[in-house]
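S.K.: My questions will all concern the structure given below.
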Amino acid sequence: MFIYMFITTNMSAEIVVRSPGRVNLIGDHTDYTGGMVLPMAIDRYTTMAAQPLEAAIQLTSADQPDDLKCELPLVDPAATTPTWGRYVTGVAHQLQVTRGFSGSVSTTLPLGGGLSSSAALELSTALMLCQVNELPPPTSLELAQLCRFAEHLATGVPCGIMDQLTCASGVDGSALLIDCHSLQVSPIEIPHDVNIYVQFIAHRKLSSSAYSDRVIQCDQAEQHIGPLRLAEVSSVHNIADEILRRRAMHLVSENERVRRATVALALQDMTTFGKLMNESHKSLRDDFEVSTNQMDEAVRIAQQTPGVFGARMTGGGFGGCIVIVADSSANVDNLEGAMLVKPVSGAKLIN
């Protein structure tokens, strides 16, 4: 639990903070086993504007029908209503603050789209609370860890650190190679003639999906062959249980794909990068079973579009978005709702 002291002030000016969302180019479900991921922060944001308020949080949302009103300090953030407010109160509980804020929040991220709208809300909340309580500004890693624990506490979803760390650590023009064991973040520049699109397919909620089951299955697989981040494909065949074997096969092969994709991106070998994306989707579909028929069809259409290097589902699965990497000359008009996104810097104070 994070506990900070604060100094009471007479701050009255409006404070504005902003956090980007993220898209994961390759490396899904590897983060909570300490594996490798290659995401990027994107130019779609959650923005919060507020003023300090003693002993309470009052927040209206431009994208949700119900307002959040709660007293501080919090006892049980998981009991917060409306449910979207749990991402806010989970952060407040982790910080153990008694000064809150009154304001509004809005987002240009599709809710339930697998682009980390929840992490962006958490990071915006953490930055706001640090400002109104005059707390020392956290590092990107401290911010990410705090918000990850807050999500565990408030929602019960055992997410890894990829979402929060990407949104906190984004670098303009670059994807981020993240080792989720060492927590080392290495920017990898994306070629200027490469376009990245996200296409929203279907709304999803991780808390009502089989996400937690996958976390448990990976833990069970590790009891047979040790840490999946270190395992080799040959050892996976020693797992007798078919389901655990397929779950482990995805994790082990996905870590290797991330490593190879990173090299390909650094060499601007987008043909190889795209093939690895396509292989990743197949693995998520067949071995990890987190795709859907609707997602598979959207990926198939994208992969067959001239100029597209590769396409795959992105995020936790069971709906959400697909990500498409293409040549800048590719015509994606047949991909309904495909949205061009660019890599940007991480969460920060705007005003």
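S.K.: Which of Arg260, Arg312, Arg300 comes first, and how do the rest follow, when ranked by fewest Cβ neighbours within 10 Å?
M.R.: Arg300, Arg260, Arg312
S.K.: Still on this model: Can you compute the FRET efficiency between Asp43 and Ser253 using 1/(1 + (r/R0)^6), with r the Cβ-Cβ distance and R0 = 25 Å? Round to the nearest 0.05. Working shown, then result.
M.R.: Working: r = 31 Å, r/R0 = 1.24.
My answer for the efficiency is 0.20.
S.K.: OK, next. How many nm separate the modelled label positions at Val233 and Gln268, each set 7 Å beyond the Cα in the direction of the Cβ?
M.R.: 3.0
S.K.: On to the next question. Enter the angle in degrees (range 0 to 90, nearest 10) between the Cα long axis of helix 211-225 and the first principal axis of the Cα atoms of the chain, meaning the one along which they spread out most.
M.R.: Taking Cα atoms only, the helix is inclined about 60 degrees.
S.K.: Could I ask something else about it? Once the Cα gyration tensor of the range 230-284 is found, what semi-axes does its equivalent ellipsoid get, as square roots of 5 times the eigenvalues, in whole Å, sorted largest first?
M.R.: Three semi-axes, in Å: 25, 11, 6.
S.K.: Would you mind counting up the charge near Ile322? Only other residues with Cβ under 13 Å from its Cβ, with Lys and Arg at +1 and Asp and Glu at -1.
M.R.: With Lys, Arg at +1 and Asp, Glu at -1, the net is 0.
S.K.: Exposure proxy check: Leu123, Leu244, Leu53 ranked by fewest other beta carbons within 10 Å? Kindly include the intermediate steps, with their values, before the conclusion.
M.R.: Working: Leu123 33, Leu244 20, Leu53 16.
So the residues, fewest neighbours to most, are Leu53, Leu244, Leu123.
S.K.: While we're on this one: Based on the alpha-carbon set only, what is the convex hull volume of the range 306-345 divided per residue, in Å³?
M.R.: Values: hull volume 3.8 nm³, N = 40.
With only Cα atoms used, the range 306-345 gives 95 Å³ per residue.
S.K.: Neighbouring Cβ atoms within 10 Å as the yardstick, rank Asp287, Asp213 fewest first. Before the final figure, lay out each step's value.
M.R.: Working: Asp287 20, Asp213 12.
Going from sparsest to densest Cβ surroundings: Asp213, Asp287.
S.K.: Moving on. If I stretch the segment between Gln184 and Glu242 completely, what's the gain in nm (0.36 nm per residue apart, minus their alpha carbon distance), one decimal?
M.R.: Working: separation 58, 0.36 × 58 = 20.88 nm, distance 3.32 nm.
Value of the extension gain: 17.6 nm.
S.K.: Over all distinct Cα pairs, what is the inverse of the mean 1/r for the range 192-351, reported as the Kirkwood hydrodynamic radius in Å?
M.R.: For the range 192-351, the Kirkwood estimate is 16.9 Å.
S.K.: Please compute the modelled spin-label separation between Asp172 and Val194, points set 7 Å along Cα→Cβ, answer in nm with one decimal.
M.R.: Here the modelled spin labels are 2.0 nm apart.
S.K.: Longer than 31 Å from Cα to Cα, which of Lys275/Lys342; Lys282/Lys348; Lys282/Lys342 are they? Say none if no pair is.
M.R.: Lys282/Lys348
S.K.: Same structure, new question: Could you tally the net charge around Gly113, taking each other residue with its Cβ under 10 Å from the Cβ of Gly113, Lys/Arg +1 and Asp/Glu -1?
M.R.: +2
S.K.: Within the set of other residues whose C-beta is less than 12 Å from the C-beta of Gln51, count the net charge using Lys and Arg as +1 and Asp and Glu as -1.
M.R.: Neighbour charge sum, excluding Gln51 itself: -1.
Readers should treat all values here as calculations from the given coordinates under stated rules, not as data from a laboratory. Only a predicted model underlies this, so the values are computations on that prediction, with no experimental measurement involved. Counting neighbours? That spans all protein chains shown, and the Cβs are built from the backbone with ideal geometry, glycine included.
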